[in-house]
Protein chains: 2
Amino acid sequence: MPDNQSYHMSPAEFRKLGHEMVDWIARYMTQVEEYPVLSQVKPGDVRAQLPDHAPEQGESFDSMLRDVQQIIMPGITHWQSPNFFAYFPANVSGPSILGEMLSASLGVQGMLWTTSPACSELETHVLDWLVEMLDLPAHFKSDSTGGGVIQHTASDATLCALLAARERTTNFQTNHTGVTQKFIAYTSTQVHSSMEKAMRIAGLGSDNLRLIEVDENFAMKPAALQTAVEADRAAGHTPCFVCATVGTTSSNAMDPLGEIGPIAEKENLWLHVDAAMSGTAALCPEFRFIHDGLEYADSYCFNPHKWMFTNFDCDCFYTRDRAALIRTLSVLPEYLRNQATESGAVIDYRDWHIPLGRRFRALKLWFVIRHYGVQGLRHHIREHVQLAQEFASWVEADPAFELAAPVPLNLVCFRHVAGDAMNQHIMETLNTSGKLFFTHTKLNDKFALRFAIGQLNTQRKHVVRAWELIKEVSTQSRGL
Amino acid sequence: MPDNQSYHMSPAEFRKLGHEMVDWIARYMTQVEEYPVLSQVKPGDVRAQLPDHAPEQGESFDSMLRDVQQIIMPGITHWQSPNFFAYFPANVSGPSILGEMLSASLGVQGMLWTTSPACSELETHVLDWLVEMLDLPAHFKSDSTGGGVIQHTASDATLCALLAARERTTNFQTNHTGVTQKFIAYTSTQVHSSMEKAMRIAGLGSDNLRLIEVDENFAMKPAALQTAVEADRAAGHTPCFVCATVGTTSSNAMDPLGEIGPIAEKENLWLHVDAAMSGTAALCPEFRFIHDGLEYADSYCFNPHKWMFTNFDCDCFYTRDRAALIRTLSVLPEYLRNQATESGAVIDYRDWHIPLGRRFRALKLWFVIRHYGVQGLRHHIREHVQLAQEFASWVEADPAFELAAPVPLNLVCFRHVAGDAMNQHIMETLNTSGKLFFTHTKLNDKFALRFAIGQLNTQRKHVVRAWELIKEVSTQSRGL
């Protein structure tokens, strides 16, 4: 074979096809509203159209793009549709996509400072910016005892916090010996599934996760936390961790950090605050009440990949005790040793999370912040909260509906008064129609509709139409 | 404020800037060889050029791209340079970047089948293709008891395998109770750092990781494994897991799966095979000897993001017992319940790994396989192996140098015979020059240079020049 025979795509080809891809994407952006929001395919539909075996010979990009249109697109649930009100949003934005493109093309692997200094330093820098932007405690900044890092998801952040708590509690002995005592963690009954998952992964066991009861607003009762900790100490267990949530997934309840914090401090529990969805609201001074008491937290996370217009994945995780985190997760084999690491003057982010390798994710975050400016981000967050408050006022004004939980920010939990069957019917009818997509939860054992307003493309007209559709289906279904 | 005031980037703006970004990337592809491979900045250099605070007002994309060029690029270590021979490669390719662009733009979150059926089904399908492409055991296919999933990295894969092993050994009780016994895991002294990290994370403790001695080729000695297991059973511990490596990071040693497998089977250990770097070689029938004995494995992973021209992150993880994996990791809260999941007819990949959320990573893998075809992939893998073999022959023919380990595939470990100081000097001189970048390890307590040939852009001329430079520096430094 000739020395330079190549199946690689040349830069010139990439330029041509890249332009085609960009045009395709721009078209998708203008057309996203026309697709059914929730995919209407049935299990197996997508696979049935794909060839059984990988191609022996290379294929043209045209054929791939055709298959994307014909096979993949019908199987997409459109998270970028303005009519997506399900779960929590996972927004993308123009500047963020540009950042992903750049990151994908540089293809640097930022495990160590030396493997691309800019990858680590830009991350440290932008995460310091965000401490100021959200008015977080100064001890989360890199010039203190703490610092921030981009994790994949809030699940990873919770796990890392729990591990650091476990280790700090045992003076870093459990890392060597394995778990030899009953470590107890606390969170509210409204907790995210990732907390139970973290207990299992860390070898602490889901039975040792105490679900603390909540008040009428679904927020953790601090007195109940105190009681539970005392009971566990009396039983000879080792309380070590409490996860408070600022904006629960189920109903957006806000745990009272200002009361939980002093208990955590007194009882020597690592306090992790999960603000995955709602943290972004703190860009706006008027919403910073959600972080009252955050100064007690040992760690904190929020997800720009949810509500801050930054592509998944991008969870910002902060700790006030980076030494504990690093000591928990650092393993240094010979083949990763290098002068910069040994100088102690740099951050090697591989020691701050589970994986070794990492993408250059700070680029997209940097692009988003610079494109919008703090002002632009605030504008859109306020818009979403205002729309949610307006939606909530419509629910309250309609005797056929009721709010199922307070609406502190942009998630409205509500229900039709006719009961579970009616609510399930409304949801399934509308989701199946493709006109909008929203999901549900259970609150006080009753079915509740969850309506999250945070999709970047959502405007008032989409929310107005959604409420009309909901009322329409409920009216047509009287008697359910 | 007007209803539709917006700071968002419009589709038309995105089209324009996207084209600019694509042109920038295509230019980078043609120029990557001109940059110093290893970044030459000093700690703090990048941060010193960034403003202390986030911008209040939005900024132009031009200004961002200018900063990328002036501030970021000097801080990049160029993993895509043809003169990158360090660590293991982290390749990107044209079709893979196009796949990342599409994934970033659709912005779907594939935690559940229903949140984008195509995201799950394409992943299952392409991972089944790969079982055939690499001639892996059929029980890793989704139509058996097993199946594959894309994980972030091999570290995540190892952790998930270890967790499933822990749980299967205790009939899934440890998930509830936490760790209450000494679980023992086995691997060779040449193991990747992720194995110790996984032991810590899983609450098993690094003291309970047995490092089994290796033979003269740095491959695990099966008899020593057998002895260690017996000693642990005699001591009342619970052996549960063995990690064999197909291509160690240090020297590309191949653990003998065909001998380790029967021991694992007899002793009821979960056998995980980590082929992160080398697995890709099995695309070529003549290199499939590396997988001899893989039929014994309970799980397996390899990283297309290393040597299969697919952007980081993309680790393909397979298990023959998906029920064990899912039972280990599944937690189902009300707000994620849906009809498709409850029908049992679909795969929800959130139950196959640590995080809940996930990107649509199968797209890039699909694009890569279709662009190259199996034939094109094989061509380039063979080319890399051939270049490494040629490089090794030069080392062997030069009396000033010696091979430090066998060269089964594309990693050459070698050293100058003058000793550690000379080797360190050669490496530091050349890495600092910016002309090429390679790293080191220690083998039998002696410094060894690691020269990994797997970068997509590397051609014979780059390898020839690298060897000339290495010889030149060593000649100039006689007496060290």
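Structure data summary
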read-out	value
Calculated from backbone phi, Karplus (6.51, -1.76, 1.60) coupling profile of the range B:15-31 in Hz, x at Gly/Pro	4, 4, 6, x, 4, 4, 5, 4, 4, 4, 5, 4, 5, 4, 4, 7, 9
Residue order, fewest to most beta carbons within 10 Å, for A:H152, B:H305, B:H440	B:H440, A:H152, B:H305
Shape of the range B:264-315, Cα gyration tensor, a/c cut at 1.5	oblate
FRET efficiency, 1/(1 + (r/R0)^6) with R0 60 Å, evaluated for B:T475 and B:Q339 via beta carbons	0.25
Too-long pairs where the Cα-Cα distance tops 32 Å, listed order kept, from B:K16/B:K42; A:K197/A:K446; B:K266/B:K364; A:K197/A:K221	B:K16/B:K42; B:K266/B:K364
Charge dipole of the protein assembly as shown about the Cα centre (unit charges at C-beta), most positive-ward option of A:P11, A:P137, A:S96	A:P11
Within the range A:328-368: backbone nitrogen closer than 18 Å to the A:T177 label point (7 Å, Cα to C-beta)	A:328
Label geometry 7 Å along the beta-carbon vector: B:E472 inter-copy distances in nm	7.4
Label point 7 Å beyond Cα along the C-beta direction, distances from A:E20 to other copies (nm, shortest first)	2.5
Assigned charges on the beta-carbon of Lys, Arg, Asp, Glu; the range B:1-94 dipole about Cα centre (debye)	300 debye
Proximal aspartates and glutamates relative to B:K182, as straight alpha-carbon distance under 17 Å, when same-chain residues fewer than 8 apart are discounted	B:E167, B:E196, B:D207, B:E230, B:D232, B:E267
Chain A - mean residue ellipticity at 222 nm from DSSP helices (-39,500 (n - 2.57) per run, n ≥ 4, rounded to 500)	-13000 deg cm²/dmol
Estimated FRET transfer efficiency (B:Q386, B:D445; beta-carbon r; R0 22 Å; 0.05)	0.10
Dipole of chain A, positive direction: furthest Cα of A:W113, A:C284, A:Q151, with charges on the beta-carbon	A:C284
A:F401 long-range amide H proximity, modeled H, under 5 Å	A:V417
Estimated inter-spin distance, A:E34 and A:R66, nm [label 7 Å along Cα→Cβ]	2.0 nm
Within 10 Å of each Cβ in A:349-358, the average number of Cβ atoms from other chains	6
Approximate spin-label separation B:K435-B:E265, in nm, with each point projected 7 Å along Cα-to-Cβ	5.3 nm
Eligible aspartates and glutamates near B:K461 by straight Cα distance, threshold 18 Å, same-chain separation 8 or greater	A:D3, B:E33, B:E34, B:E383, B:E390, B:E472
Proximal charge balance of B:S299 [Cβ under 9 Å; K/R count +1, D/E count -1]	-1
Residues A:S155, B:S433 arranged by fewest to most Cβ contacts within 10 Å	B:S433, A:S155
Residue closest to axis [chain A; rotation mapping onto B; Cβ; Å]	A:G203, 1
Residues A:C314, A:C284, B:C301 arranged by fewest to most Cβ contacts within 10 Å	A:C284, A:C314, B:C301
At 7 Å out from Cα toward Cβ: B:A323 inter-copy label distances (nm, ascending)	5.0
Label point 7 Å beyond Cα of B:A234 along Cβ direction - residues of the range B:171-199 with amide nitrogen under 20 Å	B:182-187
Where chymotrypsin sites (Phe, Trp or Tyr not before Pro) fall in DSSP loop in the range A:131-232, at most 15 other Cβ within 10 Å	A:F172
Cα Rg, Dmax, the range A:397-460, angstrom units	12.0, 33
Residue-averaged beta-carbon neighbours from other chains (10 angstrom radius) around A:64-74	4
Student exercise, the range B:368-476 dipole from Lys, Arg, Asp, Glu Cβ charges, in Debye to nearest 20	480 debye
Relative contact order (percent, whole number), chain A, Cα cutoff 8 Å, 6+ residue spacing	22 percent
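Computed from the coordinates by the stated procedures, all read-outs in this text should not be read as laboratory data. Note that the coordinates shown come from a computational prediction; the quantities given were computed from them, not determined experimentally. Backbone-built Cβ (ideal geometry, glycine too); neighbour counts: all protein chains shown.
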